[in-house]
Each structure stands twice: as structure tokens, then as C-alpha cells.
Amino acid sequence: MATTVVMEALSPTMEEGRLVKWSKKEGDPVKTGDTLAEVETDKAVMELVARADGSLIKVVVQEGQTVPVGNVVAYIGAAGEKVDGAGSGKREVGTVPAPAPTPAPVAAATTIERPTAPGASDRIKASPLARRIAQDSGVDLRSVVGSGPGGRVVKKDVESGRQPSAISKLPADGGRLMAAGSPYEDVPLTQIRKTIAKRLVTSIGPIPHFFLTTEVDMERAAEARDAINKQLGDQGKISFNDIVIKATALALAKHRACNAWFQDDHIRYWNEVHVGMAVAVEDGLITPVIRNADLKSMLVIGQEAKVLAGKARERKLQPNEYTGATFSVSNLGMFDIDQFTAVINPPEAGILAVGSIVAKPVAEDGKIEIRRRLRLTMSCDHRVIDGATGAAFLKTLKQMLENPLAMVL
């Protein structure tokens, strides 16, 4: 009897998955553990593997289609075995689901190939969003140079590669440049954007946020960073973000009330400090986790942060690399943002928003000096953190940043 292949929950919060690419085709032999397909989850692109030996006798879900977790996507059976129709319902143990019409392929997500010689081709590397935009905009991906990892074509590459003929001047409208044809473009939500939308609704609405802002003198931290990087030489470099994460982790270890999760009927106070680090990716935002950050050096934090950020942008993070944060840090300083408020990532009780380091005149010992300053804003869940509790945490964090020696005591 044929074995059903279902859309598995490849991440803890996954409710549906988009089948990006089949790694096997109908008729191919498969063994348990073989990669059958690549699936876009709410966090990353993961591999769907075979759970039985045999042949891939029927593909039910085509590339580009999205189906709920538990739905049948294919069948594995004996070579030559026939399966009537193509079931798309949820899996029934020991049975083959009732047949249903085979869904039509989604043109915007089909594999695009670039001919190289008669009978040969190489696959164009492009993100799912870039493929959709290219399809809707009439851009030939073969003419677009990718700027992503390994030459991968991403959204900005396609947008810059749109045909000039698609733009026309409309003198009657003040000479503005307007796109010819439809006045708007509908782009389907990616899995990560769907999850962001759901989580924001469960955060900014139900969670009673309040915000605390403090300004930190970063002169000593800057001097310490320069000295450390000079001493490290070829071993690596630390950034201001690494310093902030380390200081945040140490402050959380001292203020356990902020290192907590709100649960339905209790508050979980963590004895370990796992700092989530917000990383902007093409389709949204993801928060990889630096575990036990209070016990790691700034150099190790920096090395881990670089690796995790790279994997996040390539959609290669594993579930254990983006789950379990006890507190998060979101840094927009590199975008020249002085100050902002971040939305709490439940069940965490707080998140720190980090602005840019700005040289400004300040009063110091009765005289005006130009000093580098940093604004930090903490978003707090009032069900867990009171105003005085959050203020005490920020005071400790500020002391550590203004006196870096405190981090090694």
C-alpha cells in the first residue's frame, strides 16, 4: 500500500507550508531520509524528507502551492504502483485519502532555467518573492544580475531590472512618472510575512505595552571597543551591537524579573539568559537566539551573531536557532535611527530598541563637550514588568555601557 507524504510541521509555529521545489520527480527511487522537496515555512526554507523507501509514485502539490500542515503532498510506493487521482486531504493512518483533482502549477513559482548549450541548463537562483515580482512585472530573470548570497536574485535586483518601457510620463498629472497598466500590484503574503502579521496582532493588541527610554554616554564603550579590536588583531572584531547584547545579557542576569515569559496562568522567570537578535530579511524579520549570552565573551557573541544573521538572510536557520529567547534586542542604529519603540515578541516580557550612536553637545562638569550618545528604549509587558522594575534594569544596563569594566567584574 502506498505511503502518504504529508506537509510536516517543520517549525514549532508552522501552520502551513509553501512547496518551493521538488528535489525528486515522479518515478524517482527514494530512501528514508532522502530530501523530497524544499518547503518555505514561517521562518525558513526547510527540507521535507522521505519517511519510507520506494519510489515517488505521485506528486499531489505542485511547486509554488501552499497547503496546511497535515495535508497530503505526494505518495511513495512500489515502482509502477498506481494511485488513482491525487488526494489533498489530511492524512489518514493506514489508508490512502480519497482522490481529488490535481492542482494546476502556479506559473509564478515554476523553476526557471537558463540555457547554456544544447541539452544543458543551469538553474537561476532567485528568492520566491523575486520570482513573483518578476512574473508580475514581466522581467526575465535571465537578464537580472543577482546581488544575494551566491549570486541569488532578490527583490531589489528584480525591481532595478524592470523594463523602462513600463514607465511613462503623464503630463496631465504634473509630470509625475507613473507605471503603465494597473495602478497597483498585489503580491501574495509569504509564510514569514503571514506569521509576522499574526504575531503582531497577538502582541501589540492584547499585551499592555509601556515604554522606558534612557540616554547612554558611549565614550568609554567606544574607547574599550577600539582597544579590544586592536588587541584582537586578526582574531576578529567586535561591534557596538555585540557590546549592547553582552551588557543586556549581564543586566538581565541581575534583574530576573525582566528575564521572563508571560504564560496563561503563571510567569516563568528564567535562570538562563537567551538573547534574541532581530535580523531584517528580505520578506520581513526574524530573531535568531544567542544562548547563554551572559556567559559568553563579546568576541564569541559577535562571531555567533554574524553566523546567525547570515543563515537568517539565506533562510537556513534551524528551529533551535530562532526559538527560546528570554528577551530580545532590536538595533536600527545602522539605519541612522535615533530612537524607536519595538513590539514585544510573546511570550517574552520585554524588548530593547537600540538607536544610533550620535555625537552631540552635552553638559559635563559645568562645560559643554561633544560626546557620543546612544538612546535605548525598552518595551515592557506590564503584566510582568512594573515601571520601577524596568527602570532598575535600564539603570544597570546604562552603568555597564558607560563603565565597560563593570562587565568583567
Exercise. Any idea of the accessible area per residue across region 204-359, 1.4 Å probe, to the nearest Å²?
Worked result: 46 Å²
Seminar exercise, completed: Mean Cβ-within-10 Å packing, highest first, puts peptides 256-262, 8-14 in the order 256-262, 8-14
Exercise. What FRET efficiency comes out for the pair Val145/Asn292, r = Cβ-Cβ distance, R0 = 51 Å, nearest 0.05?
Worked result: 0.80
Seminar exercise, completed: Dividing the mean separation of Cα pairs under 8 Å (6+ apart) by the residue count of region 318-374 yields a relative contact order in percent of 30 percent
Problem set entry | FRET efficiency, 1/(1 + (r/R0)^6) with R0 41 Å, evaluated for Ser137 and Lys316 via beta carbons | 0.90
For this session: Quick one: which residues, 5 or more positions from Val139 or on another chain, have an amide H under 5 Å from its amide H? H modelled 1.01 Å from N in the peptide plane, none for Pro or chain starts.
Result: none
Exercise. If R0 is 22 Å, what FRET efficiency do you get for Lys21 and Lys82 from their C-beta distance, rounded to 0.05?
Worked result: 0.30
Problem set entry | Spin-label model distance (nm) - Lys360 vs Phe340, 7 Å beyond Cα toward Cβ | 1.8 nm
Exercise. What is the distance, in nm, between label points placed 7 Å from the Cα along the Cα-to-Cβ direction at Ile370 and at Thr202?
Worked result: 4.9 nm
Seminar exercise, completed: Per DSSP, the loop-located trypsin sites (Lys or Arg not before Pro) within region 342-409 having at most 14 other beta carbons within 10 Å are Arg383
Seminar exercise, completed: Classified through the alpha carbon gyration tensor (a ≥ b ≥ c as square roots of its eigenvalues; rounded if a/c is under 1.5, else prolate when a/b is larger than b/c, else oblate), region 210-324 comes out oblate
Exercise. So which lysines pass the test for Lys25, namely a Cα distance under 30 Å, with those fewer than 8 places away in the same chain ruled out?
Worked result: Lys43, Lys58, Lys82, Lys90, Lys125, Lys155, Lys194, Lys311, Lys316
For this session: Sort 15-22, 210-217 for me by packing, meaning the mean count of neighbouring Cβ atoms within 10 Å per residue, highest on top.
Result: 15-22, 210-217
For this session: Would you mind putting 136-142, 45-51 in packing order, based on average other-beta-carbon counts within 10 Å, highest first?
Result: 45-51, 136-142
For this session: Would you mind computing, in nm to one decimal, how far apart the modelled labels at Asp226 and Asp28 are, each placed 7 Å from Cα along Cα→Cβ?
Result: 5.6 nm
Seminar exercise, completed: Residues other than Thr248 with Cβ under 12 Å of its Cβ, Lys/Arg counted +1 and Asp/Glu -1, net out at +1
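The values are calculated or read from the model by the stated rules, or taken from the named source; none is laboratory data. Because the structure is a prediction, the values reported are computed rather than measured. So basically every Cβ, Gly included, is an ideal-geometry build from the backbone, and we count neighbours across all protein chains shown. Heads up: the accessible areas ignore ligands, DNA and RNA and are worked out on the full protein's heavy atoms, side chains in. Shrake-Rupley method; radii C 1.70, N 1.55, O 1.52, S 1.80 Å.
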